Each structure stands twice: as structure tokens, then as C-alpha cells.
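Each remark here refers to the structure printed beneath this line.
The values are calculated or read from the model by the stated rules, or taken from the named source; none is laboratory data. Keep in mind that what you see is a predicted model, and the values were worked out from it rather than measured. Methodologically, a virtual Cβ is constructed for each residue, glycine included, from the backbone with ideal geometry; neighbour enumeration extends over all protein chains shown. SASA here: full protein model, heavy atoms, side chains in, ligands and nucleic acids out. Shrake-Rupley method; radii C 1.70, N 1.55, O 1.52, S 1.80 Å.
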Amino acid sequence: MNGHVSTLSSNVRRSGIARLGAGFSLIALAALAGVSATSQQSSAQSAKALKSERQIPPLQEPIEIATDIQQPTLLHADITPLGALQTPGAARGGAACPPPVVTYSSADFGGGTFVLQAGFVEGEMAGISIVADPAEFPIIVRTTEMILAQQNATVTTTTHWSILVWEGTPDTGNLVATFSSDDVILPHAVMPPGTNGLNIQVTVDPTDPDQIVVQNNGSDTFSVAYRIDQHNNPPTAPCNFGLTQAACCPPPTNSNAFPTTDTPVPNNPNFPTQNWLYCLPGCTPAGFVCPGGWHRFSNLGAFRPSGDWNIRVTYEPFDCPDEPFGACCFSNGTCTDDFLINCNNQGGSFQGDGTDCNVEGCPDPVGACCFFPQDPPGPAGATCALETEAECATRNDPGSGMFSVWSGPGVQCVGTSCPDSLGACCFSDNNCVTLSFGNCGVAGGNFQGIDTDCNTFVCNPFGACCMPDGSCTDEFETDCATLGGTFQGHEVFCEPGLCPQPVGACCLANGNCINEIEANCIAIPGATWQGMGTDCGDADMNGTADDCEKNPAVGACCLESGSCIIDSQPNCEGIPNATYAGHGTTCDDCTTCPADIADSNGPGQDGLVNVFDLLELLSNWNTNGNGADIAAPFDNVDVFDLLDLLGFWSPTPCP
């Protein structure tokens, strides 16, 4: 998410164009009257304790906790501001110009080490002030971000928050906008137990006529702050031997989330005059160094937070010229979303304003395609044309005596000597010989490309092939693709833990559902794994996962002694010489003829495998009910069950 960062004369870190929020999957969405909010959750990694943040008792150092967050979850909120544009009726139209992205933090907002300011109490605010070029005013605030985090939380935390914007500095400036979470329009910040981070990102829709517009009050400055309105578990009792009221006491660190700063080197903020802390009024015992109100970090002395707030702001000069923004395609087949002027300067092909690499994409790249007939004039008659790889491949038809090779994206015909170009030539026995393009075609080989080398090129790599069910076999790459597997690389062989195991719905005894691999699921007491390809989706919204409402993933386990138990497939297969009859089966299904699933009246057994069994199987197609799922994998009635039934087909009684 971060662009190139440089230091400006105004002493701020200001990055290049950033498409904020990319790469995060959407989990929840709420929309009302032009205001929408999305919240997500993600995992975090290890954490380590440092020192301390709020100065209670007097002369105590700040309560700071350094923690590692692999990737903060994104909480994104699109808002419609309360106020109108400063110039009545002057709604912005068209595309925006490249917006400056400003932060004082050296942290990676996509993940890394963050320092929790764990003494932050309800009502306090973390803010930054930004000095802009006077020519950029009035300014439109497009996006604000702040990293909120928790370490080793034992409960799910819910934090109420607000975002505020000022003209000038927050202590003396004019407050122009305030937005607060209510979990109806704007979501609260919610994180699961553990060590997690959340990027609270607030964005104003650029097409909305109402924007957060900041005028220049003569200071060339505007400010943004986040306020903690309500902690998940605020203190309820006084601290400091009863001298400090509960509202001023540090919240428990294992059940609350806190604003964060970056990790400084050395241990001082880089921009102490541009970082601000609002301390809660009425919390000033004797010797306390942060009286109520706004304070620059530079005024807090040794008791200030040790880094810069992890706050980032994207803004746009109000009167900047419109500049088209869209997909930019390059001759090598790559695509980036960029402004028209940047695309042209880089030699790309602009696909139009509003296009997107992930939606429209780019045309297939073209490159030099060399092709010639085997018969005279042979290689001497080779022709070169700029074509896509697929177009070039259609010319390669040894059966009709025509050979072709694609030289790669962006390779031009000028300077390409088709018949004399050397490269690896692979034959059907997987042998490789370095030949010219022309000679390889004549010899019946498959030319691998100009400048490829048999010393480094493998004609048909051999290695581990991971199947969708998590199993692994060592195969040639071409055979692996035919089997529907994923090739792991040449000479990378199967070993335990190499292949990812399939995830499916794990139905818990308490009625909940988690997506897990089978081994983890069956290790949970009372849990049932529903099979590969199932999930915890609840399409009917009745509070129970749809796949957990199907027949449980247990069935008849037919023992060698002739007796039977009802158990899961893994447990049954762990019993010597036991046979699992299928999900949802009963002990009546323990028969030497599992395909006998119906008689003339419907589900049942008549000792025959005939048209009644076939009709019963087809009536349960793509379900796992009525004992019709008779063949592995025991997930749904499918072609494997049909083939199994036909294998037992007999007009005479089953043995």
C-alpha cells in the first residue's frame, strides 16, 4: 500500500500515489444514505513487551507495548460529510489529480512492528498536523488512516472511535468535521482475541458533492485526529491508592485496543512538533506532566510517546486539474492502474478513464512469431509476424509440415533471425538438444525459445504433485496438470506437510462452525468435519451453517466381526479391516453389496442391484442423503457412486 516515501521541506513523510485498501478481503458491509462501512478481520503474529504510556502515577513512564502485526485488518468507511462545499454549488466532477499521501510514521501500514500506547484512556485523542503548500488550499481530505492494535487480548475487543479534522492546529484551529462510529452507519473497531491490528481507514467518496474541505487559516496547516470514545473494558475502580478516578486510570491491556506509534531509532519521535496528544481534563494529580487539553509531543518532555503516531492522510488540492486514471498496459503484458500522463511517460497504452487492471485487464501481449514450412524452402523461408502466444501456437502443426515458435512478449521481428536462432529443443522422450529454431522443427522437436539452454532447461520437470484432496504423488509436470494437481517444482519431492490439506466445514457441538482441515476438526471434542469443498456459509441466514444442516459426516462402520458401529470415516478407517459405508448410512447398510440401496418401493434393499437402485442414486445426485453416497470420496452423490453401482449391477441376488 505504501508508495515511495520522501522527506519534504515541511518535514513530513509524503508518499507517491497509493491505492489505499488494496489486497484486503471484504467481510461485512453496511450502507445508509450515501454512508457505507466495511469491517474485516485478519490474523497477527508474535509480540514482545517494552516499557510503559500514561503518566499515572506521577513521574511514571509511558505505558508502551511493542508488538508485531503481520497484516493489520482493514476497517474501511466511506462517508458523506456533514458540511457542504465551501463554494456553494461548486461540485467537483471528473477524475481527481494525483493525491499527496502524508504520514510522519516510518511503519509499514501493511504490517510490521507497532508500539501500543497502552495508557490511552477514553476521551483522549491522537493527532497530527500537516503543513501544506499554500497553493494547494483549499484542500479536500480524501482518506485518513490510523493503526489500532491489541496484544494478547483474552476477549474480543470493541472500540468506539471518532475522526476529527481542523483548519490549523488542533489546539487553536477551527474544527470542520467530526464523524463517530455507531455500528449502524460507521462500524466500531472490532478485533478477535489474540494479538491483532486494525487500520481504521475513513474515505470520502470523490463523486459526492459534499466533501471535507479545509481552508487556509493563515497557518498553511490542517490537522487530523482519532479519538477513543469508548474502550472495550474501561477501568471501573480508582487507582494510585484511590487518588486517581477510574476514568483516568490505564485500561487493562489484555482486554482493550490502543492507538499505536512507530518504532523510533533513536528512541524519540522524529517529528515531535507535528504529533499531538489530547489528554483527558481532570486527570492532573500533583506532578502529572500532561494537563488536560492538546499538547505537542515536543512539550511533553521525557514522558512523551517514544515514536510518531501511525496516522496517514491522503488529500487533494481543490483546484487541481482533472486527470484521467485507469489501466495502463505494457508490451510485456503487465498492467498497472495509473494516471494518463504517467502511463504515456512510461511507454504504456492507456485503456481509458475509470478502467481497472483487475476488471478489464489488458489485451494479450504480442511478440515475434517465427514460422516456416518443413518442405523447401524450409528454414530459409521462415516468416516473422507480431502475434500473441495463442495466435502463434495455431501455426505450429507438424502434421501439415508447419513449425512455429513465439519469442516472448515485446520481442520485435526486427533483428530476430528466425531459422538461425538457437535454443533448447525438447523431444518426446524428454531429451534436450540445443538446436536452431529451424533444425529443431525439422527434427520433430519442440523449440523452447530463443536463447534457452539445455544445461539449465528441463524439458519435462519431475516432482511433487499436490492433489486437491491434500494427497501427494511424484509426477511429471505434464501428468500432474492432467491429473488436476498443482506441480511443486522440479526435484521437489513429496514429504509430510508439503501439500496443503483441504479445508471444509467443521461443525462444532455448540452449533457454531469453523472452516478447518479434517485433522484439526476431528481433534475438537464433538466436532464433525463435513468434507472437502464444504464451508460455513449460511445462505438461508438461519444462524446455522448450511453444510452443518446436512446429514452429519458419520456413518456405518462395518467391522470384520460382522458387527457395526456409527462413527466418522477417519475413525472407522483406523480400525483394522473395517469398512466405512458412507456418510449418513446406518448399520443396515453393512452389506457385501453396498450398491443395493433401493427396492421397488424406494430406499431399502432387495438383494439386487438394478434399475430401482439406479433411480434412487440419481434422485439423490449431488447430495449426501439416503445412503446413496456409496463410493469415496464420501462427500456427495456423484460419478464415482454411479460407476460403483454399475460395477455391482446384477439381476441376480448379491453375494
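Some observations on this one:
- Gyration tensor over alpha-carbon atoms, segment 166-284, equivalent ellipsoid semi-axes in Å: 29, 21, 17
- Counting charges near PHE114 (Lys, Arg +1; Asp, Glu -1) among other residues having Cβ under 11 Å from its Cβ returns a value of -4.
- Between GLN230 and THR178, the contour length at 0.36 nm per residue exceeds the Cα-Cα span by 17.1 nm.
- Residue ranges 172-178, 540-546 sort as 172-178, 540-546 when ordered by packing (mean number of other C-beta atoms within 10 Å per residue, highest first).
- Residue-normalised accessible area of segment 495-565, expressed per residue, 1.4 Å probe, Å²: 55 Å²
- Extension gain (nm, one decimal) between ASP479 and ASP210, 0.36 nm per residue minus Cα-Cα: 90.9 nm
- Summary of the geometry: segment 194-237 and segment 106-149, compared by the centres of their Cα atoms, lie 8 Å apart.
- Averaged over residues, the count of other Cβ atoms within 10 Å places the peptides 306-316, 272-282 in the sequence 306-316, 272-282, highest first.
- With θ taken as phi - 60° and the Karplus curve 6.51 cos²θ - 1.76 cosθ + 1.60 applied, the whole-hertz 3J(HN,Hα) list for segment 166-182 is 10, 7, x, 8, x, 7, 10, x, 9, 6, 10, 7, 9, 9, 10, 6, 9 Hz, x standing for glycine and proline.
- For ILE163, the shell of other residues with beta-carbons less than 12 Å away shows a net charge of -1, using +1 for Lys and Arg and -1 for Asp and Glu.
- Spin-label model, ASP171 to ASP453: label points 7 Å out along the Cα-to-beta-carbon direction sit 6.6 nm apart.
- Segment 138-199: translational diffusion in µm²/s, Stokes-Einstein, Kirkwood Rh over Cα pairs, 20 °C, 1.002 mPa s: 157 µm²/s
- Normalised per residue, the volume of the convex hull around the Cα set of segment 184-249 (Å³): 209 Å³
- Per residue accessible area in Å² of segment 123-192, where ligands, DNA and RNA are left out and the probe is 1.4 Å: 29 Å²
- Within segment 189-254, chymotrypsin sites (Phe, Trp or Tyr not before Pro) in DSSP loop having at most 15 other beta-carbon neighbours inside 10 Å: PHE241
- Local electrostatic count, ASP364, Cβ distance below 14 Å [Lys/Arg +1, Asp/Glu -1]: -4
- Average 1/r across all pairs of distinct alpha carbons in segment 443-500, invert it, and you get the Kirkwood radius: 12.4 Å.
- Note on segment 432-503: with charges restricted to the Cβ of Lys and Arg (+1) and Asp and Glu (-1), its dipole about the Cα centre is near 160 debye.
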